[in-house]
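The values are calculated or read from the model by the stated rules, or taken from the named source; none is laboratory data. Just so it is clear, the structure is predicted and the values come from calculations on it, not from any experiment. We place every Cβ from the backbone using ideal geometry, glycine too, and count neighbours over all the protein chains shown.
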Amino acid sequence: MSEAADAAAAVDTADTSAAADAPARGRVTFVGAGPGASDLLTFRAARAIADADVVIWAASLVQAEVLEHAREGAEILDSARMSLEQVVAVYERAAAEGLKVARIHSGDPALWGGTQEQIDRCAELGVAVEVVPGVSSFSAVAAIAQRELTIPEVAQSVILTRLGGGKTPMPPGEEVREFARHGTTMALFLSAARSGQLTQELLEGGYPTSTPVVIAYQATWPEELILRCTIGTLEETVKEHRLWKHTLFLVGPALSSSGTRSHLYHPGHFHGFRKADRAARAELRAQRSGS
Ligand SMILES: C[S@@+](CC[C@H](N)C(=O)[O-])C[C@H]1O[C@@H](n2cnc3c(N)ncnc32)[C@H](O)[C@@H]1O
């Protein structure tokens, strides 16, 4: 197997034990650091940072306390000041010197993290890779708002997307107005700077103007601001508070609805770990056949 293929296989199978067995070609761990608050790091993320010879992070995306996990003497680099080439140069050094690098990304690295291009370069360099998932900002905002995003018979899907335009055009069919046609819960990233376009596309897709919206700025940071409005007042709310970055929108009827009772916890529902109550089961069956 070539070095590149070997490293690519490591990407597929990476887990803590596999990573611990990595050869002396170095290792890059992409660490999901959550939405900002340092206590939303996972244990695995904290371990990866503690284990690293080099930590690459961005102060604007993650609170400085995450660096308290870094060992004394670890090299700390600010990714905000680095191009991809400069970051890759660190991975080359890791390959040459057998260094462990922790590359910190905000939220979950799988979402708009620019991680794939780095993972691919690591595979070319023969550097072992591990990815540590993180708490995405959309989960954090749902938690702060105390809303379930999937309410029985109201919304059973969550669409994670962003507004098109600017530097990143959307692939055909992925415009917000297309996704809005589903009428389910949407989490919109990277879209605050164009709140007028966002409102227009949500309405064109068919949501009523009264659809509830949660706007979250710097969720889990000391500056956190959580605003509730509707699609009809989304643009004025964003402009009034001058939000244009670090802002996430949750949109959809699930944000103000209780829906129907979930079947999973109904006493009439049985599964491998729980028996159904007979009377409740009969009642549940009658409900189902009625509907
Ligand atoms: C480059 S994307 C990274 C998303 C990240 N990987 C995640 O899983 O949350 C940056 C966007 O994520 C959202 N975001 C990330 N952290 C946030 C926070 N603490 N509060 C509100 N929105 C946040 C904003 O929409 C921001 O523009």
Would it be correct to say that Ala187 is surrounded by fewer than 18 Cβ atoms within 10 Å (Cβ to Cβ) and touching a residue at least 24 places away in the same chain (Cβ under 8 Å)? no
Reported set for the range 198-212 where residues are polar (S, T, N, Q) and surrounded by 17 or more Cβ atoms within 10 Å (Cβ to Cβ) is Thr199, Thr211
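Which of the residues belonging to the range 67-81 are within 15 Å of the ligand (Cβ to nearest atom) and closer than 20 Å to Arg27 by Cα? Don't jump to the end; show me each part of the working.
Filtering the range 67-81 for residues within 15 Å of the ligand (Cβ to nearest atom) gives 79-80.
The one that is within 15 Å of the ligand (Cβ to nearest atom) and closer than 20 Å to Arg27 by Cα: Ser79.
Residue by residue, here is whether (1) touching a strand residue (DSSP E or B) at 6+ places or on another chain (Cβ under 7 Å); (2) of a type in the set (Asp, Glu); (3) within 16 Å of the ligand (Cβ to nearest atom); (4) within 22 Å of Gly73 (Cβ to Cβ) holds:
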position: Ala89; (1), (2), (3), (4): no, no, no, yes
position: Arg93; (1), (2), (3), (4): no, no, no, yes
position: Val101; (1), (2), (3), (4): yes, no, no, yes
position: Ser106; (1), (2), (3), (4): no, no, yes, no
position: Pro109; (1), (2), (3), (4): yes, no, yes, no
position: Gln116; (1), (2), (3), (4): no, no, yes, no
position: Gly126; (1), (2), (3), (4): no, no, no, no
position: Ser137; (1), (2), (3), (4): yes, no, yes, no
position: Ile144; (1), (2), (3), (4): yes, no, yes, no
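Condition first: within 16 Å of the ligand (Cβ to nearest atom) and charged (D, E, K, R). Now tell me which residues in the range 202-247 satisfy that.
The first filter runs over the range 202-247 and keeps only residues within 16 Å of the ligand (Cβ to nearest atom), leaving 202, 213-229, 234, 237-238, 241-247.
Selection gives Glu223, Glu224, Arg228, Arg242, Lys245.
Quick grid of which residues meet (1) surrounded by fewer than 19 Cβ atoms within 10 Å (Cβ to Cβ); (2) at pLDDT 95 or above; (3) over 30 Å from Thr184 (Cβ atoms):
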position: Ala89; (1), (2), (3): yes, yes, yes
position: Pro109; (1), (2), (3): no, yes, no
position: Ser136; (1), (2), (3): no, yes, no
position: Ala140; (1), (2), (3): no, yes, no
position: Pro152; (1), (2), (3): yes, no, no
Is there any pair with a first residue in the range 24-45 that is within 11 Å of Pro133 (Cα to Cα) and a second that is of a type in the set (S, T, N, Q) and crowded, with 24+ Cβ neighbours inside 10 Å whose Cβ atoms are under 8 Å apart and which are 6 or more apart or on different chains, and what are they? none
Identify, please: which residue in the range 46-66 is at pLDDT 90 or above and surrounded by fewer than 17 Cβ atoms within 10 Å (Cβ to Cβ) and is, among those, farthest from Arg81 (Cα to Cα)? Ala50
Cβ-Cβ below 7 Å, separation at least six or inter-chain, first residue in the range 101-114 and in contact (Cβ under 8 Å) with a residue 24 or more places away in the chain and of a type outside the set (D, E, K, R), second within 6 Å of the ligand (Cβ to nearest atom) and part of a loop (DSSP other than H, G, I, E, B): which pairs? His105/Gly113; Ser106/Pro35; Gly107/Pro35; Gly107/Ser136; Leu111/Ser136; Trp112/Leu190
Residues satisfying the stated conditions in the range 168-192, i.e. within 16 Å of the ligand (Cβ to nearest atom) and polar (S, T, N, Q): Thr168, Thr185, Ser191
Is the range 213-229 home to any residue that is buried (at least 18 other Cβ atoms within 10 Å of the Cβ) and more than 15 Å from Val141 (Cα to Cα)? no
